[in-house]
Every structure is written in structure tokens, then in C-alpha cells.
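The values are calculated or read from the model by the stated rules, or taken from the named source; none is laboratory data. Predicted model only: the values in this text are computed from it and were never measured. Note that we place each Cβ from the backbone using ideal geometry, even for glycine, and neighbour counts take in every protein chain shown. Heavy atoms of the whole protein, side chains included, go into the accessibility calculation; ligands, DNA and RNA do not. Shrake-Rupley method; radii C 1.70, N 1.55, O 1.52, S 1.80 Å.
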Amino acid sequence: MMDLALYRLIVFNLLQLNWKSVMVFHCWSLDEALPLAEMLSGNDIYSQYIDLQQGHEHLANIHKEYLDSDLVKLAVFLDLNCEKAELITNQSSRARLYNNNLHWLLYDQAGNFTKLRQLFGAANLSLNADVTYVRQQEEDLFILYDVYNKGSHLGGQLNITIDQSLQCNSSHCQVKEYLSNLHEGTRLQQRLDLSSITFRLAALVSVLPINSSEDVLLEFLNSERDSHMDSISRIGYHLILHTQEVLGFKLDYIWCGTWSVQDAFGGAIGLLVNESAELSTSPFVPSWNRLHYVHPMTEQAPFRAVCMFRTPHNAGIKAAVFLEPFTPTVWFAFAGLLLFAGILLWLIFRLERQWMRRCLEFMPSLLTSCLISFGAACIQGSYLMPKSSGGRLAFIAVMLTSFLMYNYYTSIVVAMLLGSPVRSNIRTIQQLADSSLDVGFDTVPFTKTYLVSSPRSDIRSLYKQKVLSKRDPNSVWLSPEEGVIRVRDQPGFVYTSEASFMYHFVEKHYLPREISDLNEISLRPETAVYGMIHLNSTYREILTQLQVRMLESGITSKQSRFFSKTKLHTFSNSFVIQVGMEYAAPLFLSLLVAYIMALMILLLEISWARYGRKKLASVFPQN
């Protein structure tokens with residue numbers, strides 16, 4: 001007959017940890033298992049029993065038939081005294097069931113540590129394994145041990161740590177004594193020392209030959225010179241070094257030169273996906289395909305792939321800027337006001353001439369009065385002014401109205417011409433693909449991969465029209481420095497790369513006014529890159545917690561600011577914006593047209609005057 005004290009211990013352990021479902025692997029008779037079932041159901045704990053004394057058929061796939069559950073929390077009790085207990089432990093090891101998703105309670109009446117080490121010495125125990133070994137020391141006294149391995153495949157050794165002793169009888173169970181400090185912290189807090197294991201690190205370097213010596217590659221990753229080169233990978237590498245200082249693990253480097261080949265496969269991401277590496281120096285954009293295999297921990301740096309170009313200043317004449325301050329209604333109203341003012345001044349001059357003969361020496365015509373009104377609108381003054389007080393008040397009213405209109409108009413025009421640099425009307429990737437502008441691309445692998453494999457129609461159109469249509473498609477691939485210099489020297493040339501790559505060379509080679517002239521089009525939605533770890537990694541929780549701590553303490557942002565530039569600094573008072581011919585040409589053309597019209601009218605007047613003199617001479621011939 002099984003000891004009721006053991007049953008009480010099982011119930012006490014499950015209630016203490018708040019587990020409501022348990023799978024019991026036993027070799028007891030039905031009568032022996034019945035008291036346990038009653039105790040569990042009485043405490044609202046669901047239980048299922050698998051008899052290990054039966055045939056092998058129902059035990060062939062226990063991890064799929066019994067332990068592959070949708071339950072968030074499931075406890076498993078295994079009686080190691082049963083003959084087929086080793087079959088269960090071996091299958092569970094192969095299926096990676098010793099993790100934090102299952103709470104294992106291993107009972108050994110004999111307390112044979114040799115057998116425990118034999119079963120679990122090379123087992124697939126994990127760092128976050130929730131395995132409790134129960135040894136019965138006396139009839140009512142049980143000793144509990146915490147069992148885990150920091151990573152047997154990475155050099156870790158089986159760890160058996162004594163936890164506490166429990167005094168149990170058929171009615172209740174209580175802690176007799178804590179035999180270590182495990183109860184003072186969480187499970188992960190007790191397992192922070194990873195000095196016994198060696199993580200495999202996917203170390204990405206794309207700017208040096210991948211067959212270079214490891215010393216050369218490590219010296220590049222550790223150095224701070226040329227911070228723009230492989231900046232994303234170096235950010236991740238320095239954060240991994242901070243993590244290594246806390247956990248103490250060692251590193252085994254697997255060198256690679258590409259981020260990926262097909263989104264979630266190949267390159268550094270492929271090493272994480274197939275679990276050939278635990279960590280990667282390079283963070284990644286969390287795409288939908290990648291999230292099926294890897295878990296993003298924390299944001300490490302911004303990622304902005306942009307198409308950058310200077311505005312070409314031959315986009316055609318833009319005369320509308322001189323008419324935009326007022327709507328057509330305002331222009332017509334102002335013209336009518338000036339015409340009314342011209343007529344009013346002509347009437348004033350006529351009245352003064354008729355009633356105040358000494359005030360004016362001659363009578364100006366209606367056209368002259370309208371010219372005076374137009375000159376007032378242009379703030380040019382007048383050589384003729386009314387002599388009467390009423391006439392002068394009327395002239396002052398015309399000048400004041402013109403003054404207000406003139407100042408409002410000039411302020412708007414100046415703000416439009418000089419307030420900000422000229423911007424291109426090409427704002428989308430599809431507009432860029434359909435334009436006549438030449439486009440160059442960075443040689444980094446992820447840019448090529450995105451252009452070739454992106455499902456977006458505008459990206460496919462850009463690749464087809466700007467790469468495949470070239471006589472020499474290889475001519476579009478340029479280094480960042482070469483591409484940025486070409487953008488500076490050839491307005492209208494477009495260069496595509498990650499923003500932080502280009503910003504380093506823009507600040508190095510551009511004047512402030514040239515920086516202000518730059519346009520940007522997003523090649524892909526602006527996002528951030530995240531440190532990644534395999535979805536089923538047993539180190540996922542502890543590494544994520546450390547990444548969050550570094551993010552909160554500012555270590556992550558410090559590394560990101562040093563290696564990655566996110567903006568360009570320029571100020572409006574540090575440069576002079578020049579007005580190009582696209583805006584000045586309408587002024588010169590209007591002046592030219594005015595002179596031509598004036599000359600034509602003058603010729604007509606001369607012709608008409610000569611015709612009048614000839615006609616007068618024919619009527620009154622000279623004697």
C-alpha cells in the first residue's frame with residue numbers, strides 16, 4: 001500500500017505552486033491510486049493517470065499523446081521506482097519537455113542519486129527547467145531537490161541543489177526546514193551564473209573578407225573607428241558583451257557575411273532559425289516569416305532604408321508662386337479698387353482745375369490718374385498730388401490700402417521663395433520608378449535581398465526599371481561613400497541605402513545648404529531592429545530580462561547613438577537658399593513681354609502721328 005504521506009506531499013506541492021492539472025505516471029494498483037485521486041479532486045486539481053505496468057504500445061509516444069497539451073500549466077508526477085520510468089525520461093529528454101512549461105515532480109523512495117545522475121546526466125534539461133526531485137528520508141519526512149542543467153550540449157553539468165524538507169502525514173503537510181536559499185528568489189535568479197557553458201554566436205561582418213583571421217574580425221567588432229561600418233552588427237555585439245559580463249558565459253564564434261538569403265533562411269538569421277547558434281551579433285527586422293522561428297527581445301536601433309537625392313533645379317518654370325498669395329477674387333477686387341481710385345483722382349484733379357485754378361498748372365489725363373493709382377499700389381509714390389485737403393485724404397487712403405496689400409503680398413512670396421528649400425514632387429517609390437532619374441543602390445546584402453524578394457509591386461517595378469533595364473545592371477551597385485558623393489555632385493541622382501550608412505558620409509562631404517536640399521523616400525516602412533533568439537530557446541527569458549534592463553538603464557541607447565546616426569543637423573541661419581531660374585524666369589519674361597508691348601504701342605503711336613501729319617499737310621498745303 002502506498003504511503004498517504006506521499007499523496008499529501010503531491011497535493012501540497014501543487015497547491016503551493018498553484019498548478020491545477022497533473023499527469024501521474026505510476027505503477028500502482030487501482031486501489032492504491034484511488035486515495036490520491038480523491039485528494040486531488042477535493043482540492044479542485046484535475047488529474048490523469050498512466051499506468052507504466054501496462055504494455056509498451058501506449059507509451060511509444062507519450063510526449064504527443066499525453067504531454068502535448070494546450071494547457072498553459074501542467075504538472076507531471078513520475079515514480080522513478082517503476083521499471084519503465086527510464087522510458088519516460090528518455091522520451092521527455094528527446095522531446096525537450098524539461099522546461100518551464102511543465103512542472104516535474106520526480107519521486108524516488110530509495111533516494112538513489114546515482115540513478116538520478118544516470119537518467120539526467122546527459123538529458124536535455126534546460127536552464128529554466130522546473131524539475132523537483134523528492135527523496136523519502138523517513139516515513140513522514142521528504143527532502144526536495146532542485147534539478148537543472150545550464151545546457152548539456154553547451155558544456156553544462158547536471159546540478160542537484162537541496163531545497164527544503166517537508167513533514168507530511170495523511171492529513172496535512174508542512175515545511176520543516178529550508179536547507180538552502182532557493183526560496184529567497186526566483187528560479188532564474190539562482191541560475192544567473194553561466195560560466196560553465198559556451199554560447200555559439202553568429203558573428204556578422206560584411207565589410208571585411210569573411211575568411212580573414214578571427215583576430216582581425218574580432219578587432220573590427222571591438223573597435224570604435226569607422227563606426228558607420230556594420231554599425232547594426234556592432235551595436236548587437238557590444239550589447240552581447242555587456243550580457244556576457246553579467247552571466248559569465250563564453251563565446252564560440254560562427255562567422256558569416258550576410259544577414260539572410262530569403263528573409264528567414266540563410267546567413268545569420270538562418271543560424272538562429274536552425275539552432276546552430278544561440279545568439280547573433282546583428283539584430284533583425286521582425287518580419288512575419290521570421291517570427292515563426294525567432295523571438296524578438298528588445299529594440300536595439302532604428303532601421304531606415306531610404307532613397308536620397310538632391311532636388312533637380314530644372315523642373316520647369318513656376319510662375320504660380322507670384323499669384324498664390326491671393327485668390328483670383330482678391331486680385332480682381334484689388335484691380336477694381338485701383339481703377340476706381342484712378343477715376344476718383346482724375347475727378348479730384350478736374351474739380352481742382354475747375355474750382356481752384358491756382359492749385360494745378362495742367363490737367364492730368366484719365367490714364368495718368370490710373371498710373372498714379374497703380375504707382376501707389378507698387379509703393380512708388382507720385383510726382384502729382386492733389387492740392388486740396390480732401391484730395392490728399394483720398395490719396396492717403398489709396399496709399400494706405402496699397403501699403404497693407406503690398407506688405408502682405410511680399411511677405412508671403414518671400415516666405416515661399418526663401419523660407420524652405422525647394423522639394424521634389426517625387427514622394428513615393430512608384431513615382432521614382434516611373435521617373436527619369438538614375439538610381440544607385442548600396443552593395444550590402446540585405447538591400448539586394450529586399451529588392452529581389454520583396455512582394456511589393458512598387459519595389460518590383462523599381463527593380464525592373466532601374467536595375468534590369470540597364471545595359472550593365474552591375475553599374476547601379478555603389479559603395480555608400482561613392483553614392484553619397486554622386487548625389488551631391490549630380491542633383492537628381494538617387495542613392496538607396498540604410499540612412500545611418502549615408503548620414504556619416506553626408507556630414508563628411510556636404511555643406512549645410514547642400515544637406516538642406518536633400519529629399520528622402522522610404523524604401524521600406526521605417527521600423528527598428530531587435531535582438532533575436534530562437535523561439536524555443538531555454539535562455540529566452542533570462543536574456544530578454546537582461547536586454548530589458550540594458551534598455552531601461554540607457555546602455556542600449558548609448559550604443560545605438562554612437563554607432564548609428566538617426567538625423568542630420570543643419571540650421572536655417574547656416575546657409576543661404578538660392579532662388580533658381582524656375583522662379584526668376586517668369587519675372588524676366590514678363591519684363592521682356594512688357595517692353596515688347598510698349599515698343600509695339602510706341603511704334604503704333606509714331607505711325608499714327610505721322611499719318612495725322614501727312615493728312616493735315618494734304619488739307620493745308622504749304623505756300
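The residue pairs whose first member lies in the range 201-228 and is touching a residue at least 24 places away in the same chain (Cβ under 8 Å) and more than 27 Å from VAL273 (Cβ to Cβ), whose second member is assigned to a helix (DSSP H, G or I) and open to solvent by 60 Å² or more (accessible area, probe 1.4 Å), and whose beta carbons are closer than 7 Å, counting only pairs six or more residues apart or on different chains, are SER227/PHE562.
When the helices (runs of 4 or more DSSP H) confined to the range 173-277 are screened for residues that are modelled with pLDDT under 90, within 24 Å of VAL548 (Cα to Cα) and open to solvent by 20 Å² or more (accessible area, probe 1.4 Å), none reaches at least 2 such residues. The residue pairs whose first member lies in the range 434-456 and is hydroxyl-bearing (Ser, Thr, Tyr), whose second member is part of a loop (DSSP other than H, G, I, E, B) and crowded, with 17+ Cβ neighbours inside 10 Å, and whose beta carbons are closer than 6 Å, counting only pairs six or more residues apart or on different chains, are SER435/ILE426. Among the residues of the range 104-155, the one identified as within 41 Å of the chain's Cα centre (by Cα) and farther than 21 Å from GLN91 by Cα is GLY155.
Matching residues to (1) modelled with pLDDT of 90 or more; (2) under 26 Å from ARG513 (Cα atoms); (3) of a type in the set (Ser, Thr, Tyr):
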position	(1), (2), (3)
VAL398	no, no, no
THR410	no, yes, yes
LEU418	no, yes, no
SER435	no, yes, yes
SER454	no, no, yes
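Give ASP140, ASP130 a once-over and let me know the one that is touching a Lys or Arg at 6+ places or on another chain (Cβ under 8 Å) and acidic (Asp, Glu). Within the list ASP140, ASP130, the selection yields ASP130.
Residue-wise test of (1) among the hydrophobic types (A, V, I, L, M, F, W, C); (2) closer than 15 Å to HIS172 by Cβ; (3) without any contact (Cβ under 8 Å) to a residue 24 or more places away in the chain.
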{"position": "ASP3", "(1), (2), (3)": "no, yes, no"}
{"position": "SER21", "(1), (2), (3)": "no, no, no"}
{"position": "SER29", "(1), (2), (3)": "no, no, yes"}
{"position": "LEU40", "(1), (2), (3)": "yes, no, no"}
{"position": "ILE45", "(1), (2), (3)": "yes, no, no"}
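Hey, any hits in the range 376-384 for a residue that's modelled with pLDDT of 85 or more and either of a type outside the set (Ser, Thr, Tyr) or surrounded by 13 or more Cβ atoms within 10 Å (Cβ to Cβ) (or both)? Full working, then the answer.
Keep residues of the range 376-384 that are modelled with pLDDT of 85 or more, which gives none.
Within the range 376-384, not a single residue is modelled with pLDDT of 85 or more and either of a type outside the set (Ser, Thr, Tyr) or surrounded by 13 or more Cβ atoms within 10 Å (Cβ to Cβ) (or both).
Given the criteria of a type in the set (A, V, I, L, M, F, W, C) and touching a residue at least 60 places away in the same chain (Cβ under 8 Å), does LEU478 qualify? So LEU478 does not fit the description; no.
I'm checking my understanding of the structure. Among residues of the range 217-254 that are hydroxyl-bearing (Ser, Thr, Tyr) and in contact with a Phe, Trp or Tyr (Cβ under 7 Å, 6 or more places away or on another chain), which one is farthest from SER196 (Cα to Cα)?
Step one: of the range 217-254, the residues hydroxyl-bearing (Ser, Thr, Tyr) are 223, 227, 231, 233, 237, 243, 253.
Now restrict to residues that are in contact with a Phe, Trp or Tyr (Cβ under 7 Å, 6 or more places away or on another chain): 227, 231.
Numbers: SER227: 33, SER231: 31 Å.
So the residue we want is SER227.
Scan the range 270-288 for residues that are over 20 Å from THR538 (Cβ atoms) and more than 17 Å from the chain's Cα centre (by Cα) and report the count.
2
Looking only at the range 292-302, which residues are at pLDDT 90 or above and open to solvent by 20 Å² or more (accessible area, probe 1.4 Å)? Within the range 292-302, HIS292, TYR293, HIS295, PRO296, MET297, GLU299 qualify. Would you confirm, using the coordinates I've provided, whether ALA305 is surrounded by 21 or more Cβ atoms within 10 Å (Cβ to Cβ), under 19 Å from ASP442 (Cβ atoms), of a type in the set (Gly, Ala, Ser) and out of contact with any Lys or Arg (no Cβ under 8 Å at 6 or more places or on another chain)? Criteria not met by ALA305. Number of residues in the range 5-63 that are open to solvent by 40 Å² or more (accessible area, probe 1.4 Å), more than 17 Å from LEU97 (Cβ to Cβ) and in a loop (DSSP other than H, G, I, E, B) equals 8. Counting only residues that are open to solvent by 30 Å² or more (accessible area, probe 1.4 Å), in a helix (DSSP H, G or I) and either polar (S, T, N, Q) or farther than 15 Å from GLY151 by Cα (or both), the range 82-94 holds 3 of them.
Of all residue pairs spaced 6 or more apart or on separate chains, those with beta-carbon atoms under 7 Å, a first member in the range 274-293 that is without any contact (Cβ under 8 Å) to a residue 40 or more places away in the chain and a second member that is open to solvent by 30 Å² or more (accessible area, probe 1.4 Å) and in a loop (DSSP other than H, G, I, E, B) are SER287/ASP263; ASN289/ASP263.
Taking the criterion of being part of a helix (DSSP H, G or I) and open to solvent by 60 Å² or more (accessible area, probe 1.4 Å), would at least one residue in the range 437-446 satisfy it? No, the range 437-446 contains no residue that is part of a helix (DSSP H, G or I) and open to solvent by 60 Å² or more (accessible area, probe 1.4 Å).
Within the range 135-159, the set of residues being aliphatic (A, V, I, L, M) and in contact with a helix residue (DSSP H, G or I) (Cβ under 7 Å, 6 or more places away or on another chain) comprises VAL147, LEU158.
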